[in-house]
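Heads up: the structure comes next, in structure tokens.
The values are calculated or read from the model by the stated rules, or taken from the named source; none is laboratory data. It should be emphasised that the depicted structure is a prediction, and the values quoted were computed from it without experimental measurement. Glycine gets a Cβ as well: all are built from the backbone with ideal geometry, and neighbour counts include every protein chain shown.
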Amino acid sequence: MIPELGHFALIIAFAISIVQSVVPLIGAARNEASLIAVARPAALAQLLFIGLAYAALTHAFIVHDFSVLYVSEHSNLVQPLMYRISGVWGSHEGSLLLWVLILSIWTVSVAAFSRHLPEILMARVLAVMAMISTGFLAFMLFTSNPFERIFPAPLDGNELNPLLQDPGLAIHPPMLYMGYVGFSVAFAFAVAALLGGKLDATWARWSRPWTTVAWCFLTIGIALGSWWAYNELGWGGWWFWDPVENASFMPWLVGTALIHSLASTEKRGVFKSWTVLLAILAFSLSLLGTFIVRSGVLVSVHAFATDPARGVFILAFLAVVVGGSLALYAWRSGKVVSYGRFQWFSRESALLLNNIILLTAAAAVLVGTLYPLVVDAFGIGKISVGRPYFDTMFSLVAIPLALLLGIGPAIRWKGDNWARISRVMTTIFIVSLVTGLLLPFLIEDELNLGTGLGLAAALWIALTTLKDLFSRLSHKLRLSPSYAGMVIAHLGVAIFIVGVTITMSYSVEKDLRVAPGSSYQIADYDFHFQGTRKVKGENYLADEAVIEIWSGNEKTGELFPQKRVYSGKGNPMTDASIDKSLFRDLYAALGEELDNGAWSMRVYYKPMIRWIWLGCIFMAIGGVLAISDRRYRQTVRQKLTEKLSVSRA
Amino acid sequence: MNKRSRRKVLIIAVVFGVGLATVLGLTAFQENLLYFYTPTQIKAGEAPQSHSFRVGGLVVNGSVSREAGSLKVQFDLTDNAETMTVQYTGILPDLFREGQGIVAMGSLQPNGMFVADEVLAKHDENYMPPEVADALKAAEQTAKERASGKI
């Protein structure tokens, strides 16, 4: 009964979303307050019914209702409660439901925190968000209903893919979706502004904090995914340029460009149409990312042929959203005039260059990700793009981006003079380059250009950022939270680059054949393999190896990597064991049992890998700080009221 | 330089930068395209000798053999029409087993042995890598046509 209620709630939500996408727009066009007023309550009602549907599906998971097809495919009797709750978004149908739930949460937040905005604009924004919601609800109801029953109901279900049974991965999709869907706010604002035909800097000022929040969630979401891959996949890598990863990375790159471009538009009124275009692009890539990962197109493009309804719907939806918004953009953006003027050596130019570089990177990822799909779809052949392509592209992009990141924040808006900053910049440049190139020599008595340049780039970013901070402090300038946020986020980039450079240059990775009682040296550590034992977990059995780690004559730690067999499908699964610290990780993963108690084992020494995720955390904290700027929000309110009074006058 | 020519220089620099990035990118792209071949295609000599590529098929039952005291593994891969031998040193993925569809990346040796740098088996026992599924289908098709006397 409850699943049917959930299904029914979805249908009601669908009906409400249609009303919410049409009525407020008519109201806005005719300037009828009663129609405009429909938007807010409709958004709230939609959240209520989608929430009910979501609760119904969660309930089905918790009480083991295997008569629901989706539950029986992704849960079983022994699955721990936590993974029954996260099992809801473990696959296609449920993750769509999570997606619309998050969308309606964002919609209601926008409605709640924007009482100061003109009602007409609000009505348009909420209508655009409802259109997106309509698309997703229709997709679910007509092709991917999570509440579909099976008869007869099985006694026990399949289980959630054991790989997904990890706390990091349980919260990874919601975080990622908060980011993806969060970009819909900037998108809705851009489209609403285009619809209204009045594209001033207001929309940028207003959508800026929302975009930053979304970007923070996306940053953390991607970092969590990388962290999970490192912990769970047993390969010890942190990024694989897998299409699934690329799908989340593209919106991040464009989103990063967007938050920088929004800064220019908000502060100086420049790049208005460019920023609108970025907002459309960021959200389109978020949609593409959602569908690429969840629709099965990656497993096989021919999956679309076996279930054409889904494929056709997705393509049509993407075409409507992307094509529609771009058409609107082409039609309306001609009227946009950017009033700000700036010289070529200015903050504006630096931010524009930042955008160009980030978009180049996004384009490189897009080509590498979609090309194999296109080739396969046309039956030309089966290819894949190797990891070195992406690595090369990103080393190419990283150098100009790092250079720019150091100089950009030091340049003044509107126009500046290179001579003003040239002495400081040149000094820092030489210091970082020399130190960076010397460091590999100190670490390993060996010159290494790649490593040296990476470290030099990180130093350059850190030193220029700190120099700017200290000169502001010494001039007793007040530091706004948004400035502090920028400093922390940029230091995060430096930390990230250090982590990537050191891990890629100095990791030791070995596949070993280990016999009980023997010991193996990796970097400066001795791994003593004591043997294996059997252990029993909540829903699996495992062989667990015991490894002591010695550094010189001192025992510094123990590792217990496992080979698990989950009760559901009987699949073996590797559970790596990691001795973590800020400066190095020691990592062991069991392969398979060979002969006489010997095992194959993968052993890694990973220096400073933690800095990669630490850098991401810094970036996200920077973003949160930037939004927390109260002064900023007050000026928004103030400026808006000024603007409104002017336009009314 | 006056303002206008400065702006021109900036625009030219940006265009040049993006152009350079595109050229370098496309070169890297071209070099890193990995093609996929089936055992039948490899037996027919269609696969490159010097380049690395990917091959996929089913692991033949009873063909997996290990060298004692090392991590060297050898196994046969088939698309049900032709069979070839693959050699790999290291740890095989969790779901590698006989009868399973796998994809290997590596290069062909002059003696016809495929030496893999990487072996992939996806994490689901029902799941068949799409390349392997298509390879099997193609081989089956050829066999049918042969039986009906078309070839």
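Do we have B:PHE114 as within 15 Å of the chain's Cα centre (by Cα) and away from chain A (no Cβ under 13 Å) here? The answer is yes for B:PHE114.
Here is a yes/no grid of residues against (1) surrounded by 13 or more Cβ atoms within 10 Å (Cβ to Cβ); (2) farther than 18 Å from B:VAL119 by Cα:
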{"residue": "B:ARG6", "(1), (2)": "yes, yes"}
{"residue": "B:VAL18", "(1), (2)": "yes, yes"}
{"residue": "B:TYR37", "(1), (2)": "yes, no"}
{"residue": "B:LYS43", "(1), (2)": "yes, yes"}
{"residue": "B:SER50", "(1), (2)": "no, yes"}
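Residue by residue, here is whether (1) buried (at least 24 other Cβ atoms within 10 Å of the Cβ); (2) assigned to a helix (DSSP H, G or I); (3) within 14 Å of the chain's Cα centre (by Cα) holds:
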site: A:THR211; (1), (2), (3): yes, yes, yes
site: A:CYS216; (1), (2), (3): yes, yes, yes
site: A:GLY225; (1), (2), (3): no, yes, yes
site: A:PRO251; (1), (2), (3): yes, yes, yes
site: A:VAL254; (1), (2), (3): yes, yes, yes
site: A:THR265; (1), (2), (3): yes, yes, no
site: A:ALA279; (1), (2), (3): yes, yes, no
site: A:ALA282; (1), (2), (3): yes, yes, yes
site: A:LEU288; (1), (2), (3): no, yes, yes
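Within the range A:410-420, being surrounded by fewer than 18 Cβ atoms within 10 Å (Cβ to Cβ) and assigned to a helix (DSSP H, G or I) holds for A:TRP418, A:ALA419, A:ARG420. Of all the criteria given as (1) of a type in the set (D, E, K, R); (2) surrounded by fewer than 18 Cβ atoms within 10 Å (Cβ to Cβ); (3) more than 8 Å from chain B (Cβ to nearest Cβ), the one not satisfied by A:ASP376 is (2).
Restricting A:LEU117, A:LEU141 to residues that are of a type outside the set (Ser, Thr, Tyr), outside the structural domain of A:GLY196 (by TED's automatic domain parsing) and within 14 Å of A:ILE16 (Cβ to Cβ) narrows the list to A:LEU141. Within this structure, A:LEU218 fails the test of being of a type in the set (A, V, I, L, M) and in contact (Cβ under 8 Å) with a residue 60 or more places away in the chain.
Considering each of B:LEU20, B:LEU92 in turn, give the residue that is out of contact with any Cys (no Cβ under 8 Å at 6 or more places or on another chain), part of a loop (DSSP other than H, G, I, E, B) and within 13 Å of another protein chain (Cβ to nearest Cβ).
Selected residue: B:LEU92, the only one of B:LEU20, B:LEU92 that is out of contact with any Cys (no Cβ under 8 Å at 6 or more places or on another chain), part of a loop (DSSP other than H, G, I, E, B) and within 13 Å of another protein chain (Cβ to nearest Cβ).
In the range B:32-50, the residue that is farthest from the other protein chains (Cβ to nearest Cβ) out of those that are polar (S, T, N, Q) and touching an Asp or Glu at 6+ places or on another chain (Cβ under 7 Å) is B:THR40. Scanning the range A:575-599 for residues that are surrounded by 16 or more Cβ atoms within 10 Å (Cβ to Cβ) and either among the basic types (Lys, Arg) or within 14 Å of chain B (Cβ to nearest Cβ) (or both) yields A:ASP575, A:ALA576, A:ARG584, A:TYR587, A:ALA588, A:ALA589, A:LEU590, A:GLY591, A:GLU592, A:LEU594, A:ALA598, A:TRP599. Among the residues of the range A:441-459, those identified as modelled with pLDDT of 90 or more, closer than 14 Å to A:PRO607 by Cβ and of a type outside the set (Ser, Thr, Tyr) are A:GLY454, A:LEU455. Being in a loop (DSSP other than H, G, I, E, B), under 28 Å from A:VAL320 (Cα atoms) and not acidic (Asp, Glu) is a condition met by at least one residue of the range A:123-145. With A:ALA523, A:ALA515 as the choices, which residue is surrounded by fewer than 21 Cβ atoms within 10 Å (Cβ to Cβ), within 14 Å of chain B (Cβ to nearest Cβ) and over 30 Å from A:PRO209 (Cα atoms)? Within the list A:ALA523, A:ALA515, the selection yields A:ALA515. Within the range A:187-208, residues that are at pLDDT below 75 reach partners that are among the hydrophobic types (A, V, I, L, M, F, W, C) with beta carbons closer than 6 Å, at six or more positions or on different chains, in the pairs A:LEU199/A:ALA193; A:LEU199/A:VAL336. When you scan the range A:600-615, do you find a residue that is within 14 Å of chain B (Cβ to nearest Cβ), crowded, with 18+ Cβ neighbours inside 10 Å, assigned to a loop (DSSP other than H, G, I, E, B) and not hydroxyl-bearing (Ser, Thr, Tyr), even just one? Looking for residues that are within 14 Å of chain B (Cβ to nearest Cβ), crowded, with 18+ Cβ neighbours inside 10 Å, assigned to a loop (DSSP other than H, G, I, E, B) and not hydroxyl-bearing (Ser, Thr, Tyr), one finds none in the range A:600-615, hence no.
Yes or no, residue by residue, for (1) under 30 Å from A:LYS510 (Cα atoms); (2) within 11 Å of chain A (Cβ to nearest Cβ); (3) in contact with a Cys (Cβ under 7 Å, 6 or more places away or on another chain):
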position	(1), (2), (3)
B:ARG6	no, yes, no
B:ILE11	no, yes, no
B:GLN30	no, yes, no
B:LEU71	yes, yes, no
B:THR83	no, no, no
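Annotation note: of B:ALA143, B:ALA104, B:ALA121, B:ALA81, the sole residue that is at pLDDT below 85, surrounded by 14 or more Cβ atoms within 10 Å (Cβ to Cβ) and among the small types (Gly, Ala, Ser) is B:ALA121. From the list A:LEU69, A:LEU121, the one residue that fits, being surrounded by 19 or more Cβ atoms within 10 Å (Cβ to Cβ) and touching an Asp or Glu at 6+ places or on another chain (Cβ under 8 Å), is A:LEU69.
The strands (runs of 3 or more DSSP E) found entirely in the range A:491-582 that carry 3 or more residues being touching a residue at least 60 places away in the same chain (Cβ under 8 Å) are A:508-514, A:525-536, A:572-575. Put simply, of A:LEU479, A:LEU473 the only residue that is among the aliphatic types (A, V, I, L, M) and in a loop (DSSP other than H, G, I, E, B) is A:LEU479.
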